[in-house]
Amino acid sequence: NINEAEFKAIIKAAEDWPRADTGNTDFGYGTAGFRMRADLLDYVVFTVGLVASLRSRKCGGNAIGIMITASHNPADDNGVKIVDPMGEMLVSEWEPYATAMANARTPDKLRNCFIQIIQNAQVHDHNARKVIFARDTRPSGARLVRALKAALEATNTEYVDYGILTTPQLHYLVKATNTEKMDKPYGEVSEEGYYKKMGKAFNEAIKRATKPPSSPVTVDCANGVGAPKMKKLLEYLPKDILKINVVNDKIESAKDLNFQCGADYVKTSQRVPKDFDGKPYDRWCSLDGDADRIIYYFVEDGSVFRLLDGDRIATLAASFIGDLVRKSGLEDAITIAIVQTAYANGASTKYVEQTLKLKVEFTNTGVKHLHHVAAMKDIGVYFEANGHGTILFSERAQKAMRKHQPQSPAQMEALETLRALTDLINQTVGDALSDFLLVETILAHKEWTVREWLSTYTDLPNKLAKVLVSDRSAYKSVEGTAERRLLTPKPVQPRIDAIVSKYRDGRCFVRASGTEDAVRVYGEAGEVYDTEDLVGKVCEFIGGLGGGGGGGMSD
Ligand code: G16
């Protein structure tokens, strides 16, 4: 018994946001929601509003989040993703609903989809519903917000428009909103509350370091939303402890967003951002377009570029947290595990297993996959090599930390720092601002410069490339291989195997991107020239395939 009045309102509102004509091509809820050219997105965003309204009704009226961003993609793209009540990514069972709605090409089909969701997911369609949303700095965001509001108004959904935020700030606000009346609220329900929580935790976490960080740090904000938000965060940080320079903050110039700067550019091209003016061993880091990823780097004498990517952040954090757990006397109560993807450098995995003596698990690309596995651990450290990740402290671990009676001042100090980290680290999703403060805290405690950090292990030479293809959906990975092996197109995997077998310590895999119309090619080998050769050969092979395979190549 669908609410006919509601449905009439939906159909009427949808008239203003018609679906782009994509022929037979469907939209899909991918690695990070829907992502495409912004001019194709109006109807998709409208239908995401409908899905979020239903999801909120399903979740007992808890607020659902919607973030409008295309993160690392060029400025002309945009995207939209749904955030579940505790700040996690939309539960995977609902992704097909979002996909079906976005591909409903007629009012009748939209109606059927809506009814089917209500029935299949057992939604009580009269329940309370609430959505909160934000967008990044892309010019198309304002129009897409109008499409979203039209859907929320048609479905009589209460909403809060938070304007421009980073993606992790929106995740924070979703969790804060839904825990506001609980015993342990996640934080104040405001953007300011986010900075306050972070500033306080940073103060707590860093105050027991023997010395403040030895040198200033420069943050490249990719000319995106991270720039104004990092500047605001600075107002909440102690002035005397850390000198932070913010660069690439031109948010009013859309064409500069992610252009030759930002975390994705630096990681993929393995070079400094344009206008880099660091001296040897100066500490630099880059955020991506919605500030959920961060990577560090520096140059050595002679301008040799050195990258400290997500693998390095994971290993740095895991070793520091492992030490704190031991020093506070909790090593028998709490275990730590690391979650990586196939992009993790083989040397980092070896270091985690053999030096840190921690367990590593692998998942498909996409923080939604890593998060899920990390959430099952006492302390789950997850980072993609591209700098996207966080650390999850389970309820069990937090309880052990709360109850533990330290036996010495040294145990007490370690425990207090550990507790501060649970507030400093964003527990909902990878967060570049939070990860930045975490890294700075750890380097200060360890009294390390980037040089010591880099010296923990030596990366295998590696290269990430992409090949533009006409139909990336032709590339399907074998399940359970963390996307290391391709199932289709059939002839591709044996050919990759044959190429890889020619290189010492060679490893290479190909997978379809979930955010761009491309397949990604990642390779490692014992020597730099072998790596270049290996990845080049695989790209050449993929680029030369016809139909679903063919296309141009770009780094
Ligand atoms: C998104 C996801 C990441 C993923 C990246 C690239 O990041 O959130 O987990 O690693 O896309 O994914 P793919 O290789 O499938 O294109 P972001 O920062 O762009 O939102």
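The values are calculated or read from the model by the stated rules, or taken from the named source; none is laboratory data. Quick caveat, the model's predicted, so the values are computed rather than measured. In this analysis, Cβ positions are derived from the backbone assuming ideal geometry, glycine residues included, and neighbour counts consider all displayed protein chains. The accessibility values were calculated without ligands, DNA or RNA, using every heavy atom of the protein model including side chains. Shrake-Rupley method; radii C 1.70, N 1.55, O 1.52, S 1.80 Å.
In segment 357-374, what residues are of a type in the set (Val, Ile, Thr) and either under 20 Å from THR428 (Cβ atoms) or in a helix (DSSP H, G or I) (or both)?
THR363, THR365, VAL367, VAL373
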Could you tell me whether segment 500-509 includes any residue that is under 23 Å from SER348 (Cα atoms), assigned to a helix (DSSP H, G or I) and free of Cβ contacts under 8 Å to residues at least 60 places away in the same chain? yes
Given (1) at positive phi; (2) more than 16 Å from the ligand (Cβ to nearest atom); (3) open to solvent by less than 20 Å² (accessible area, probe 1.4 Å); (4) not hydroxyl-bearing (Ser, Thr, Tyr), identify the lone condition not met by GLY329. (3)
Is there any pair linking a residue in segment 12-40 that is without any contact (Cβ under 8 Å) to a residue 60 or more places away in the chain to one that is surrounded by fewer than 20 Cβ atoms within 10 Å (Cβ to Cβ) and of a type in the set (Asp, Glu), with Cβ under 8 Å and at least six apart or on different chains, and which? ALA20/ASP39; ARG37/ASP76
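Taking segment 365-390, which residues are out of contact with any helix residue (DSSP H, G or I) (no Cβ under 6 Å at 6 or more places or on another chain) and over 21 Å from ASP264 (Cα atoms)?
Across segment 365-390, the qualifying residues are HIS372, VAL373, ALA374, ALA375, MET376, LYS377.
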If you scan segment 392-415, which residues turn out to be more than 16 Å from the ligand (Cβ to nearest atom) and touching a strand residue (DSSP E or B) at 6+ places or on another chain (Cβ under 6 Å)? PHE393, ALA397
Going through segment 4-19 in order, the residues found to be in a loop (DSSP other than H, G, I, E, B) and exposed (fewer than 14 other Cβ atoms within 10 Å of the Cβ) are GLU15, ASP16, PRO18
Verdict on PHE305 being touching a strand residue (DSSP E or B) at 6+ places or on another chain (Cβ under 8 Å), crowded, with 19+ Cβ neighbours inside 10 Å and not β-branched (Val, Ile, Thr): no
Considering segment 257-288, residues that are under 13 Å from LEU308 (Cβ atoms) and aromatic (Phe, Trp, Tyr), and then whichever is farthest from the ligand (Cβ to nearest atom), we arrive at TYR281
Within segment 345-371, can you find the residues that are within 12 Å of the ligand (Cβ to nearest atom) and either in contact (Cβ under 8 Å) with a residue 40 or more places away in the chain or assigned by TED's automatic domain parsing to the domain that holds THR268 (or both)? THR363, ASN364, THR365, GLY366, VAL367, LYS368, HIS371
Quick one: would you say THR422 is in contact with a Leu (Cβ under 7 Å, 6 or more places away or on another chain), modelled with pLDDT of 95 or more, in a helix (DSSP H, G or I) and polar (S, T, N, Q)? no
Give me a count of the residues in segment 206-255 that are assigned to a helix (DSSP H, G or I), open to solvent by 50 Å² or more (accessible area, probe 1.4 Å) and over 17 Å from ILE164 (Cβ atoms). 1
Quick check on this structure: which one of ASP423, ASP471 is surrounded by fewer than 23 Cβ atoms within 10 Å (Cβ to Cβ) and either in the same structural domain as ASP505 (by TED's automatic domain parsing) or more than 25 Å from the chain's Cα centre (by Cα) (or both)? ASP471
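If the requirement is being open to solvent by less than 50 Å² (accessible area, probe 1.4 Å), part of a loop (DSSP other than H, G, I, E, B) and within 14 Å of the ligand (Cβ to nearest atom), which of these qualifies: GLY526, GLY514?
Sole residue among the options that is open to solvent by less than 50 Å² (accessible area, probe 1.4 Å), part of a loop (DSSP other than H, G, I, E, B) and within 14 Å of the ligand (Cβ to nearest atom): GLY514.
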